[in-house]
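A short write-up of the structure that comes next.
The values are calculated or read from the model by the stated rules, or taken from the named source; none is laboratory data. Remember, it's a predicted structure, so these values are computed and weren't measured experimentally. Glycine gets a Cβ as well: all are built from the backbone with ideal geometry, and neighbour counts include every protein chain shown. Heavy atoms of the whole protein, side chains included, go into the accessibility calculation; ligands, DNA and RNA do not. Shrake-Rupley method; radii C 1.70, N 1.55, O 1.52, S 1.80 Å.
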Amino acid sequence: MASMPPAGGPQPSPAGVPESRGKYDLVSQLLAAKEASGKTFTQISKELGLTNAFTAQLFHNQAQLKSGREELLRKACPALTDELIAAMKRAPMRGYDPSILKEPHIYRMTEAVTHYGESIKAIMNEEVGDGIMSAIDMYATVDVIKGKQGENRLVITLNGKFLPHVEQVFDDNTAKSPK
């Protein structure tokens, strides 16, 4: 299912000029090209040398296609036009429509992070100190394994760089106040 358009309709391009089609239309076309390939995100990701979650983000216009992967992507998804590849290479307007939180899986993922968040933070603080996990310098993967009963189980890995909070020592501030 395609991502919903951002609230307020089509977002302006980085130059401030409204796009000729909204994000919803772009994502719909990207996903149609992916479907035409007959491949999964995981299969495409292996051809690109990227994680499956990052590859899915490319097709949902939540990540930027970097130079050097265009030909691999064209080979993996021949239905991608030059215009679509060019759109994937632009820095996207990242975000989401808040109504997506009503989708059951996304709601459950949010609930899981909320439920375990305080304990995850406590373990992180014990292991590496006071800080946060980067969502910018992060690798995300989704894998399927078999459980003890033979059932499918999901392993969702968020491998993010730890960013410690700093003590704000006045003399360490290289951008001194003009006052």
Check: In the stretch 59-179, carbon and sulfur make up what percent of the accessible area (probe 1.4 Å)?
Finding: 57 percent
Next item on the list: Can you pull a Stokes-Einstein diffusion coefficient for the chain at 37 °C (0.692 mPa s), Rh from Kirkwood over Cα pairs, as a whole number of µm²/s?
Entry: 171 µm²/s
Check: Over the stretch 27-76, what is the mean sequence separation of C-alpha contacts under 8 Å (at least six apart), divided by residue count, expressed as relative contact order in percent?
Finding: 37 percent
Next item on the list: Mind putting a number on the dipole of the chain about its Cα centre? Charges go on the C-beta only, +1 for Lys and Arg and -1 for Asp and Glu, and I need it in Debye to the nearest 20.
Entry: 520 debye
Next item on the list: Could you grab the relative contact order for the stretch 27-168? Cα pairs under 8 Å, six or more apart, rounded to a whole percent.
Entry: 20 percent
Next item on the list: With runs of 4+ DSSP H residues as the only contributors, calculate the mean residue ellipticity of the chain at 222 nm using -39,500 (n - 2.57) per run, divided by the residue total and rounded to the nearest 500.
Entry: -12500 deg cm²/dmol
Margin query: Checking understanding here: applying a Kyte-Doolittle mean of at least -1.0 and a length along the axis of at least 30 Å (C-alpha), which whole DSSP H helices in the chain pass?
Written below: 104-128
Item checked: Cβ-derived FRET efficiency at R0 30 Å, VAL128 paired with HIS105, nearest 0.05 -> 0.50
Check: Just the accessible area for GLU126, please: 1.4 Å probe, Å², rounded to the nearest 10?
Finding: 150 Å²
Notebook entry, point to check: Given R₀ = 25 Å, FRET efficiency for SER28-ASN152 by Cβ-Cβ distance, to 0.05?
Noted result: 0.30
Item checked: Charge dipole of the chain about the Cα centre (unit charges at C-beta), most positive-ward option of ALA36, PHE54, ASN125 -> ALA36
Item checked: Where the chain is the region considered: accessible area per residue in Å², 1.4 Å probe -> 71 Å²
Next item on the list: Specify which residue in the list ILE136, LEU84, MET109 is farthest towards the positive end of the charge dipole of the chain, using unit charges on the beta carbon of Lys, Arg (+1) and Asp, Glu (-1), about the Cα centre.
Entry: LEU84
Notebook entry, point to check: If you rank THR81, THR174 by how much accessible surface each has, with a 1.4 Å probe, what is the order from largest down?
Noted result: THR174, THR81
Check: Under 17 Å from the Cα of LYS89, which lysines turn up, not counting those fewer than eight places away in the same chain?
Finding: LYS23, LYS34, LYS66, LYS75
